[in-house]
Amino acid sequence: MAPISDLSELLRSLRPELNPGTFVFTSVPPGTDLTPLAPIASLREAEGLSLILAEDVAQAAALPIHFRAAWITLTVHSALAAVGLTAALATALSEASISCNVVAGTFHDHLFVPVESAAEAMRVLEGMTTRDRR
């Protein structure tokens, strides 16, 4: 399926799915062997390598936990150049007082919200889909 760029179509097609488990944002020094960590995502920063990992993996490796999150995948195939999706998501979630960290993959967008806000975030996202169908 071709990626979708139109914001209205994206919102109608979000189809959020809550991934099982708890995930964390952590960091490791440059040169750390990532193989045993199986990161969900990584980003090189001046201070080191930021990672998103399963919480149990981070705990087993005695890594610092900077943020505990639920992972929501938007199953719509969003175009990387689509305009407005992140803003619409951030606005809706912020109106519900839910922080959100967005990671764009090649095929889908992934939202990391506080663990304790997962159910409410899903409700908000599903409401966006329903609202845009009217």
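The values are calculated or read from the model by the stated rules, or taken from the named source; none is laboratory data. On a predicted model such as this, the values are computed, not experimentally measured, just so you know. All Cβ positions, glycine included, derive from the backbone under ideal geometry; neighbour counts span all protein chains shown.
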*Kindly check whether there is at least one residue in the stretch 52-75 that is at positive phi and not aliphatic (A, V, I, L, M).*
no
*How many residues are part of a strand (DSSP E or B) and either without any contact (Cβ under 8 Å) to a residue 12 or more places away in the chain or hydroxyl-bearing (Ser, Thr, Tyr) (or both) if we restrict to the stretch 46-57?*
1
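A quick yes/no check of all residues on (1) small (Gly, Ala, Ser); (2) in contact with a helix residue (DSSP H, G or I) (Cβ under 9 Å, 6 or more places away or on another chain):
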position: 18; (1), (2): no, yes
position: 46; (1), (2): yes, no
position: 52; (1), (2): no, no
position: 58; (1), (2): yes, yes
*Only one of 39, 64, 29 is surrounded by 13 or more Cβ atoms within 10 Å (Cβ to Cβ), over 29 Å from residue 6 (Cα atoms) and not hydrophobic (A, V, I, L, M, F, W, C); which?*
39
*Return the pairs, sorted by first residue and then second, in which the second residue is surrounded by 17 or more Cβ atoms within 10 Å (Cβ to Cβ) and at pLDDT 90 or above, the first residue lies in the stretch 1-15 and is under 11 Å from residue 77 (Cβ atoms) and of a type in the set (Ser, Thr, Tyr), the beta carbons are less than 6 Å apart, and the residues are 6+ apart or on different chains.*
5/82; 13/76
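Taking residue 23, is it of a type in the set (Phe, Trp, Tyr), crowded, with 17+ Cβ neighbours inside 10 Å, in contact with a helix residue (DSSP H, G or I) (Cβ under 9 Å, 6 or more places away or on another chain) and closer than 30 Å to residue 1 by Cβ?
Numbers: of a type in the set (Phe, Trp, Tyr): yes; crowded, with 17+ Cβ neighbours inside 10 Å: yes; in contact with a helix residue (DSSP H, G or I) (Cβ under 9 Å, 6 or more places away or on another chain): yes; closer than 30 Å to residue 1 by Cβ: yes.
In short, yes.
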*So which residues in the stretch 84-117 are among the charged types (D, E, K, R) and either crowded, with 18+ Cβ neighbours inside 10 Å or under 17 Å from residue 7 (Cα atoms) (or both), if there are any at all?*
109
_Filtered residue count, the stretch 1-44, keeping only those that are out of contact with any Pro (no Cβ under 7 Å at 6 or more places or on another chain) and part of a strand (DSSP E or B)_ = 12
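Yes or no, residue by residue, for (1) basic (Lys, Arg); (2) over 16 Å from residue 129 (Cβ atoms); (3) over 12 Å from the mean Cα position of the chain (by Cα):
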| site | (1), (2), (3) |
| --- | --- |
| 69 | no, yes, no |
| 75 | no, no, no |
| 106 | no, yes, yes |
| 112 | no, yes, no |
*Restricting attention to the stretch 67-83, report how many residues are touching an Asp or Glu at 6+ places or on another chain (Cβ under 7 Å), more than 19 Å from residue 127 (Cβ to Cβ) and buried (at least 17 other Cβ atoms within 10 Å of the Cβ).*
0
*Among the residues of the stretch 102-117, is there at least one that is part of a loop (DSSP other than H, G, I, E, B) and among the small types (Gly, Ala, Ser)?*
yes
